[in-house]
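Notes follow once the structure below has been shown.
The values are calculated or read from the model by the stated rules, or taken from the named source; none is laboratory data. Keep in mind the model is a prediction, meaning the values are calculated, not measured. Heads up, the Cβs are rebuilt from the backbone with ideal geometry, glycines too, and the neighbour counts pull from every protein chain shown. Heavy atoms of the whole protein, side chains included, go into the accessibility calculation; ligands, DNA and RNA do not. Shrake-Rupley method; radii C 1.70, N 1.55, O 1.52, S 1.80 Å.
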Amino acid sequence: MTHARDNFVAWLRNAHAMEEQAATLLAAQVKRIETYPDLKARLSQHLEETRVHAELLKDLLDKSSGSASPIRTAAARLSAATQGITGMLTHDEVVKDLTSGYAFEHLEIGTYRVLIAAADELGDDEARLVFERILGEEEKMAQWFGDHLDGLTRIFLMRDERDLLAKR
Ligand SMILES: [Fe+2]
């Protein structure tokens with residue numbers, strides 16, 4: 001199972017970079033949101049969860065003797081920072097946060113489902129349990145976005161119509 005192990009470690013490394021990227025992006029969003037307290041609270045909760053995810057993956061990587069590539073992590077942080085800046089330049093920043101957040105959670109869900117299958121093939125129960133725990137939190141966050149897209153979009157439109165601070 002050498003190839004399976006190599007694939008597993010590569011996917012794990014990518015997942016770690018993905019979580020680092022998510023943490024940078026969430027931190028930037030939480031800092032900027034002013035008029036959507038429920039969204040701000042939910043995103044800061046998920047920021048804390050995301051930081052734990054990154055640590056859990058780092059521990060698994062250290063055990064797999066394939067530590068996270070610093071270059072990749074730095075690249076992911078930079079790309080997240082750029083995304084954050086791009087969002088700030090739009091008048092509908094909060095709506096962009098919602099759609100990109102919804103998409104990002106589904107990318108994470110797919111990533112963890114792949115990792116769960118790989119860990120299962122390798123008989124790595126410890127890793128599988130970690131991925132299952134993280135998957136549950138990503139699914140809850142995706143569900144929250146799904147449940148709130150409609151309402152938050154309407155609040156944005158209403159505030160924008162009245163020239164109130166709507167974008168963030
Ligand atoms: Fe997430």
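Structural remarks
- Taking a ≥ b ≥ c as the square roots of the eigenvalues of the Cα gyration tensor, segment 2-161 is classed as prolate, since a/c reaches at least 1.5 and a/b is larger than b/c.
- The long axis of helix 2-32 is offset from the longest Cα principal axis of the chain by roughly 20 degrees.
- For the chain, the fraction of 1.4 Å probe accessible surface lying on carbon and sulfur atoms is 56 percent.
- Other residues whose C-beta falls under 10 angstrom from the C-beta of E108 contribute a net charge of -4, scoring Lys and Arg +1 and Asp and Glu -1.
- Largest to smallest accessible area among H16, H3 [probe 1.4 Å]: H3, H16
- Here the gap between E126 and M158, fully extended at 0.36 nm per residue and compared with their Cα-Cα distance, gives a gain of 6.7 nm.
- J(HN,Hα) series, segment 44-49, from Karplus relation 6.51 cos²θ - 1.76 cosθ + 1.60, nearest Hz, glycine and proline x: 6, 4, 6, 4, 4, 4
- Helix 70-88 axis versus longest C-alpha principal axis of the chain: approximately 10°, rounded to the nearest ten.
- Sequence-separation-based contact order of the chain, relative, with Cα cut under 8 Å and 6+ spacing, percent: 29
- Among K31, K96, K140, the sequence by solvent-accessible area, most first, with a 1.4 Å probe is K31, K140, K96.
- Two-site label geometry, L89 and R133: point separation in nm, points 7 Å out along Cα→Cβ: 4.0
- Think of the chain as having a plus end and a minus end, set by charges on the Cβ of Lys, Arg, Asp and Glu; of Q21, H148, T90, T90 sits farthest toward the positive end of this dipole.
- The label point for A74 and the one for Q45, both projected 7 Å from the Cα toward the Cβ, are 3.6 nm apart.
- Cα→Cβ-extended label distance, 7 Å offset, between V9 and Y102, nm: 3.9
- The heavy atoms of R51 offer some 110 square angstrom of accessible surface to a 1.4 angstrom probe.
- Shape of segment 7-60 from the C-alpha gyration tensor: prolate (a/c of 1.5 or more and a/b above b/c, with a ≥ b ≥ c the square roots of its eigenvalues).
- Between 0 and 90°, nearest 10: helix 125-161 axis offset from the chain longest Cα axis: 10
- Spatially near lysine pairs across the chain, Cα under 20 Å, sequence gap of 8 or more or different chains: 8
- Unit charges on C-beta of K, R, D, E only; dipole of the chain, Debye: 580
- Accessible surface calculations at 1.4 Å, restricted to protein heavy atoms, place the chain at 54 Å² per residue.
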